[in-house]
Amino acid sequence: MTMMGKRRIMAFTILALTAGALNGCQTTGGGAIASSTATPDDGANWMRIGRTDNEDHFSPLTQINDGNIGELGLAWSHDLATFNSFTAPLAVDGVLYFATGYSVLHAMDAATGKLLWTYDPEAWQTAGHKMRAGWGIRGIAYDNGKLFAGTIGGQLIAVDARTGKPLWSVQTVDKDNAAYITGAPWVFRGKVMIGFGGADYGPVRGYVTAYDQATGKQAWRFHTVPGDPSKGFENKAMEMAAKTWTGEWWKFGGGGNVWGAMAYDPKFNRVYLGTGNGWPWNQKIRSPGGGDNLFLSSIVALDADTGEYVWHYQVNPGNSWDFNNAMDIELADLEIDGKMRSVLLHAPKNGFFYVIDRATGKPISAEKFAKVNWADRIDLQTGRPVENPEARYPGGKPFLMYPWPLGAHGVQAMSFSPKTGLVYLPATDAGRVFVDPAGDLSKWEYKPGMFVNTGLGAPPPGIVTPPPESKLVAWDPVAQKARWSVPQNGSFNGGTMATAGNLVFQGLNTGHLVAYAADTGRKVWEFDAQNGILGHPITYTAHGRQYITVITGWRSSFAGKPNWNYETQQRRVLTFMIGGKAKLPAFQPEELPIQDDPDFKIDPELTKVGSGIYNSSCVICHGAGMVGGGAAPDLRKAAAPLSFETFDAVVRGGALRSNGMPQFDNLTEREAQGVQHYIRQRARESLAAK
């Protein structure tokens, strides 16, 4: 228990509603699993990230429908005392579960919003330098009466879902490298599987590990990229993969982290992994002789019991653009050419929508759902993209590529409705300039820091990139074309949820929760949530009544319109029902003033030092141009940088680690002074521009 950190548990007043139900899914004799997912699907629970093993973010519930949606109102709300991220909730037998910040778990009565318990593993206490790379948590898992979550320091923890009591924890990544966990675990057949992130920030080799749910004992591990050939290979799959790499890739770790979506397929008893990009992004550095670099940017199928390789489909061979497959892996049965096919639906960053045969891993179809210029099409005979040669930015020639590295579809959930046959996909049309860095690529070196060491050069001046445009697309995966599309505000918006009531729900960056008619895209309902929404809504029943819950909160490295302030945004749990009459308190967005001390003398040399550090290490959270986008405080408006003693205590001393600010004790005093001077300069520039 000592590895779990200090326990903080509130008393759980056991309700008759939940006491028996939460204990009813336990490991039975002989190793069989009695799981709630084995019962008929009445839509009462939302037990997986995508609700069921299909991960399709669809609910069969119809109490709330396009006929009575006008009567939908707020049932209750709960303010969250969190400084950064949170998961979308799960709903099991009348209890909501979610996590905030550094894996602080919550249980609430789903009908009333009463807080039942919280558990804080205090992951920030032991995470150390891993906090520099990622904030918070993306998802949790429930199975057999237990909650599972990863932590920023690389632990997988198990907690009793009824009481919040910690049960076990295991360190699943190296404590000393760049690996960390923000992604969700996946549960199946008495096991819990976890991946990790970090390959953008240092030499890391990707893998996933499955553990026994009851004990935390490791069941199997599968590496997603090969290691040093001189040390041998773990299996035939790694031996095969090594033939697709060149140079000394293992010195860069390889990458291929599974930090986002996975799925379990009970029909074939397989798990599917969505693997990440290589590190650095630029393939000319990590694998200078080219090659496909398996299993980067792939869907990999494994036997769920043994972790043995079954098949793979590589979406981007030789990935050189940060395209990855951390987006939804959704399972469906579709009639294609008069035959029912068990398929996998996938819309990754690269802008193509893939329908893949789950039995064989072969692509059935793939078409563009957003603006794409890196490839013309996908050759279905080979499964490979027909690339635009300019997309490899050959000879140092810059290329304005679509989509940008954030993707035509990011991690925001898409949903698939078996009723309409459509996928509801948050999409973005945006580009970025790719170009090699100056100098000899063979001498490129890893520079430790917080931000991504991409192996790319700065875009040359004069290339104008149009502003991003976002939209909600209703995509027909059989016909491979859009049935309707709704233009939206900003670069990206929240995840979607579809229901059998002919509804699609989505949170927007405008601060609204919106419902559309699933068949036509007509907006049929809207609620002012007083904050941007990134997470997907869920729906469930409690005491026979259907509810919809979403958690508000916005984080971005780019300022938007509206721009949700890190310090003042209203992070809340919102729950709705037909006839709901609750009201949110009045809210007026507050614009914090830019701070300045006219007696502070800016040193140009220190400012130059600070500019380099900020734009390679701080920008990912504190915003491009030092204009905060909600992920972290806008430093121009912060008081701490007015005093070097206070600023140094935060940056190098770690005074605000518990609030999410990492400790950068790798900086020298002069470097910290440089960052302070750069902040003061940007503050004065901003004041002068007003």
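Round to the nearest 0.05 the FRET efficiency obtained for R670 and E71 when R0 = 45 Å and r is the Cβ-Cβ distance. Walk me through the numbers before you get to the answer.
Numbers: r = 63 Å, r/R0 = 1.40.
Efficiency, from the Cβ-Cβ distance: 0.10.
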*Pop out the ³J(HN,Hα) list for the range 390-397 in order, Karplus 6.51 cos²θ - 1.76 cosθ + 1.60 with θ = phi - 60°, rounded to Hz; leave Gly and Pro as x.*
5, 5, 7, 6, x, x, x, 7
*asked:* Under the rule of at least 5 residues apart or a separate chain, name every residue whose amide H is placed under 5 Å from the amide H of K481.
replied: D476
_Amide H contacts of F353 (H built 1.01 Å from N, under 5 Å, at least 5 apart or other chain)_ = E367, K368, F369
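For the range 604-689, what does the relative contact order come out to in percent, with C-alpha contacts under 8 Å and a separation of six or more? Please list the in-between numbers first.
On the way: 107 pairs, mean separation 32.0, N = 86.
Computed value for the range 604-689: 37 percent relative contact order.
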*How much mean residue ellipticity at 222 nm does the chain get from its helices, if each DSSP H run of length 4 or more adds -39500 (n - 2.57) and you divide by all residues, to the nearest 500 deg cm²/dmol?*
-2500 deg cm²/dmol
*Would you mind computing, in nm to one decimal, how far apart the modelled labels at T246 and T520 are, each placed 7 Å from Cα along Cα→Cβ?*
5.7
*asked:* Under the rule of at least 5 residues apart or a separate chain, name every residue whose amide H is placed under 5 Å from the amide H of L116.
replied: A107, M108, D109
*Normalised by the number of residues in the chain, what is the relative contact order in percent for Cα pairs under 8 Å and 6+ residues apart?*
12
*Mind running the shape call on the chain? Use the C-alpha gyration tensor, a ≥ b ≥ c as the square roots of the eigenvalues: rounded below 1.5 for a/c, prolate if a/b tops b/c, oblate otherwise.*
rounded
*Which whole-angstrom value gives the distance between the alpha carbon centres of the range 47-98 and the range 477-544?*
12
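Loop-only trypsin sites (Lys or Arg not before Pro) in the range 255-295, please: DSSP not H, G, I, E or B, and at most 12 other Cβ atoms within 10 Å.
The qualifying sites are K267.
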*Along the range 359-367, what does the Karplus equation 6.51 cos²θ - 1.76 cosθ + 1.60 (θ = phi - 60°) give for ³J(HN,Hα), rounded to whole Hz, x for Gly and Pro?*
6, 10, x, 8, x, 8, 7, 7, 9
_Gained length - F587 relative to D337, 0.36 nm times residue gap less alpha-carbon distance_ = 84.7 nm
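Relative contact order of the range 299-416: what whole-number percent is it, with Cα pairs under 8 angstrom and at least 6 residues apart?
The value is 22 percent.
Longer than 24 Å from Cα to Cα, which of K236/K339; K146/K217; K397/K443; K267/K339 are they? Say none if no pair is. Can you show the working numbers first?
On the way: K236/K339 34 Å; K146/K217 15 Å; K397/K443 19 Å; K267/K339 17 Å.
The answer is K236/K339.
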*Lys and Arg at +1, Asp and Glu at -1: add these up for the other residues within a Cβ distance under 12 Å of V315 and post the number.*
+1
_For the range 193-205, 3J(HN,Hα) per residue [Karplus equation, 6.51 cos²θ - 1.76 cosθ + 1.60, θ = phi - 60°, Hz, x = Gly/Pro]_ = 10, 9, x, 6, x, x, 6, 7, 10, x, x, 9, 9
*For the residue pair K397 and Q218, what label-to-label distance in nm results when each label sits 7 Å from Cα along the Cα-to-beta-carbon direction?*
4.8
*Listed highest first by mean packing, meaning other Cβ atoms within 10 Å per residue, what order do 530-541, 232-243, 581-592, 312-323 come in?*
530-541, 312-323, 232-243, 581-592
*Once all Cα-Cα distances of the range 604-689 are split into 5 Å bins that start at 0, what whole-number percent is in each one?*
3, 15, 26, 31, 18, 4, 1
*By the gyration tensor of its Cα atoms, with a ≥ b ≥ c the square roots of the eigenvalues, what is the shape of the range 586-646: rounded for a/c under 1.5, prolate for a/b over b/c, or oblate?*
oblate
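Local charge sum around E367 (other residues, Cβ-Cβ under 11 Å, Lys/Arg +1, Asp/Glu -1)? Please report the intermediate quantities before stating the final value.
Values: positive: K368, R377, K481; negative: D476.
Taking every Cβ under 11 Å from that of E367, the sum is +2.
All of the numbers you see were taken from the coordinates with simple rules; none came from a lab. Here the structure is a predicted model, which is why all the values come from computation and not from measurement. Methodologically, a virtual Cβ is constructed for each residue, glycine included, from the backbone with ideal geometry; neighbour enumeration extends over all protein chains shown.
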